[in-house]
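S.K.: Let me begin by handing over the structure; questions about it come next.
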Amino acid sequence: MRKVLLILSTIIGLILYIDAFVLLTFTQSFGNILALCLGLVFVLIGIYYNRFSAWLQKLIKVVMAICIPVCIAMICFIAINSNKNSTTFTEDYVIVLGAGIKGEKILLALQNRLDRCRVYETKP
């Protein structure tokens, strides 16, 4: 069981770290930095777990036993529900969420969202 948790910790940590690293290239937000740090913590726990004291290992086991299923459930929920599109193209308005502006320059993520909004605007 311990090996499985350590492997899952390392894998989830790497996924979080890589995802946050990629997202940080688009926009530097607190959420991306937090995900980067959390991913690093998961990876370090997975690698250096055997060097921790006994009480810290027990605490990590409890926290990981809770966090890992929650992370897996969230990833599955997002993956399953992200493809659902309830757009009817009869809506009165569209809300475009911001994704960052540097000075007067629009970042790529926001530009993509605005471009997608224009496609919506031109649909019959």
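S.K.: Could you tell me how many of the residues in segment 31-49 are at pLDDT 85 or above and surrounded by fewer than 17 Cβ atoms within 10 Å (Cβ to Cβ)?
M.R.: 8
S.K.: OK, next. Pick from segment 81-115 the residues that are outside any helix (DSSP H, G or I) and polar (S, T, N, Q): which of them is farthest from the chain's Cα centre (by Cα)? Spell out the reasoning first.
M.R.: Applying the first criterion (outside any helix (DSSP H, G or I)) to segment 81-115 yields 82-107.
Filter again for polar (S, T, N, Q), leaving 82-83, 85-88, 90.
Numbers: 82: 13, 83: 17, 85: 21, 86: 23, 87: 25, 88: 28, 90: 31 Å.
Selected residue: 90.
S.K.: Then there is this: Just to check your reading of the model, which residue among 12, 72 is of a type outside the set (Gly, Ala, Ser), out of contact with any Asp or Glu (no Cβ under 9 Å at 6 or more places or on another chain) and surrounded by fewer than 17 Cβ atoms within 10 Å (Cβ to Cβ)? Spell out how you get there, then give the answer.
M.R.: On the way: 12 fails: surrounded by fewer than 17 Cβ atoms within 10 Å (Cβ to Cβ).
Among 12, 72, only 72 is of a type outside the set (Gly, Ala, Ser), out of contact with any Asp or Glu (no Cβ under 9 Å at 6 or more places or on another chain) and surrounded by fewer than 17 Cβ atoms within 10 Å (Cβ to Cβ).
S.K.: Here is a further query. Which of the following residues is at pLDDT below 85 and either in a helix (DSSP H, G or I) or in contact with a strand residue (DSSP E or B) (Cβ under 7 Å, 6 or more places away or on another chain) (or both): 56, 6?
M.R.: Details: 56 fails: at pLDDT below 85.
None of the others qualify; the one that does is 6.
S.K.: Failed condition for residue 121, given (1) out of contact with any Lys or Arg (no Cβ under 8 Å at 6 or more places or on another chain); (2) surrounded by 10 or more Cβ atoms within 10 Å (Cβ to Cβ); (3) part of a helix (DSSP H, G or I); (4) modelled with pLDDT under 85, with all others met?
M.R.: Result: residue 121 passes all but (2).
S.K.: Looking at segment 93-114, I want the residues that are more than 10 Å from residue 27 (Cα to Cα) and have a partner that is in a helix (DSSP H, G or I) and at pLDDT below 85 with Cβ atoms under 8 Å, at least 6 apart or on another chain. Which pairs are those?
M.R.: 94/117; 94/120; 94/121; 96/117
The values are calculated or read from the model by the stated rules, or taken from the named source; none is laboratory data. Note that this is a predicted model, so its numbers are computed, not measured. Cβ coordinates were reconstructed from backbone atoms using ideal geometry, including for glycine residues, and neighbour counts include every protein chain displayed.
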